[in-house]
Every structure is written in C-alpha cells, then in structure tokens.
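Presented below is the structure to which this report refers.
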Amino acid sequence: MLQVGPITSYKISYTGEPYNTVTQYKVISIPNPIYPAVQSVSINITGLQEYNNYTLSVRVINSAGFSDQKVLPIVQTDLSVPAQPLNLNQHNVTSTSFCVSYYPPPGINQNGPITSYTVSYRGELFNTTEYNITVSVNTVVYPLTESSSVCISDLEVYNNYTVLIRANNGAGQGAAAIITIRTSETAPVAAPQNVNATSYTPTTINVCFEFPEGSTQNGLITSFNVSLVGSPFY
C-alpha cells in the first residue's frame, strides 16, 4: 500500500460471530505524524465475547481521507469457564432416590463447547459426605441447547440433600447452580428405645420410652401407639 502524505490515524473495524455481530470501530491516532511513517502500531481490543470469531479490517487515514481496507484472517478469542446451568427441577422423588433435570447456560455464557457436567450432592443429616458424579454430554456442539438429567440413588430416607451442578468446558469448571431436595418419608424401622412400665397408682401404669435412634425414624414422628393387654389375676 502506497503512503501518500503523513499518516494521522488507523481505523480498525471488527465484527463477531456468532455473538457480538454489530460492527464496532477503534481509531488509533498518531500523535506526531511524520512522512514517511515507519513505526509499528499496536492496540488491545477489549470487551470481546469469549470463544467468538472476529473479522477485523484496518484502514489508513491521512488528511486526504481513507485507504482501502486490509482484511485480516479470522481471530477466535480464548475459552473461559461457563456460567451456571439453568432451570433445575426435581422429579421422581422417592425415599431413597431422586432425579434432577437442568439446561445449559445461555449460549452467550457457555464460553466454549460444554463437554460434561459435574453433579455434587451432600446430605444434611447423618451421612454428610459429599459425592460427585460426572455426566457426559452426548454430542458436543456449540452452543449447546439440549437439557440433561441425572438420577441419584442409595440416599437416606427423609433427608435434605443439597445438589450442585456445574458445567465444564475446555477452560475448566464453571459456577454452580444449586437445588435442595428432600427424600420422602417411610415408616419408622425401629421400636422406641428404653421402654419401661411401672405401677404408678393402684389403677395407673406409667409407661416411659425414648424416640427411636434418629437415622431409623425415617420422617417426622407424629404419635406413638401404646397397647395394653390385661390378664386375669387370681
């Protein structure tokens, strides 16, 4: 490209795909133009979308106007970790299992192809160990739109579980979406503890007992059934 007159500035145009598709511009001014100009010029273009293709072009400007544009090869920005999954919903809840369905983050926040999800869960009572499951994505496409689900079993009866779901891409693991699910009740599996009966008055028996051990209660105990069977006394 021939240089005719002192170069006063450069105009850079850039357009994103599939996001940030509106063409934007940056102008680089040359503080003290000389003729002919020989120095190199550089600029950092910030505020771009992660994992996005950008088409760039450059024009030279002097006092007489613009040059033709020089179109550069397409540049793809780097990956970054995705945002959290959306629309978590529980279903098929039983006393020892449940399922959770969820959707990927919005396409513009996936920041690269999602390859899997990490599902973590922990009970509130008794066994509070955290467990992790990796759920693979059947078809890696960008952006991902299909929902996923995971079913978790071998849980404790009538326990609150905190479930965290994170999306993973080539840059790492993203933020967690959280849902709390309680497994359903079943009948208690143990009798009351430390049961004692003593004569209280000539016509009264006092029955004293304690609740079953917590992990065997399997729900809220609302009442006790006390049976009394008499026998003849001679």
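The values are calculated or read from the model by the stated rules, or taken from the named source; none is laboratory data. All of these numbers come straight from a predicted model, not from anything done at the bench. Areas reflect the complete protein model, heavy atoms only, side chains present, ligands, DNA and RNA absent. Shrake-Rupley method; radii C 1.70, N 1.55, O 1.52, S 1.80 Å.
Contact order for segment 158-234, expressed relative to its length and based on alpha carbon pairs under 8 Å spaced 6+ residues apart, stands at 25 percent. Result for the chain in a Gaussian network model with C-alpha springs under 10 Å: among THR23, THR96, THR198, the largest mean-square fluctuation is at THR198.
Our summary gives the chain a relative contact order of 15 percent, counting only alpha carbon pairs under 8 angstrom and 6 or more residues apart. Measuring nothing but protein heavy atoms, the accessible surface of segment 1-160 at 1.4 Å probe radius is 50 percent carbon and sulfur.
For the chain, the solvent-accessible area works out to 63 Å² per residue, with a probe of 1.4 Å and every protein chain left in place.
For the chain, a Gaussian network of Cα nodes joined below 10 Å ranks VAL81, VAL93, VAL22 by mean-square fluctuation, and the top entry is VAL22. Note on the chain: with a GNM built from Cα contacts shorter than 10 Å, the maximum mean-square fluctuation among ILE45, ILE61, ILE205 falls on ILE205.
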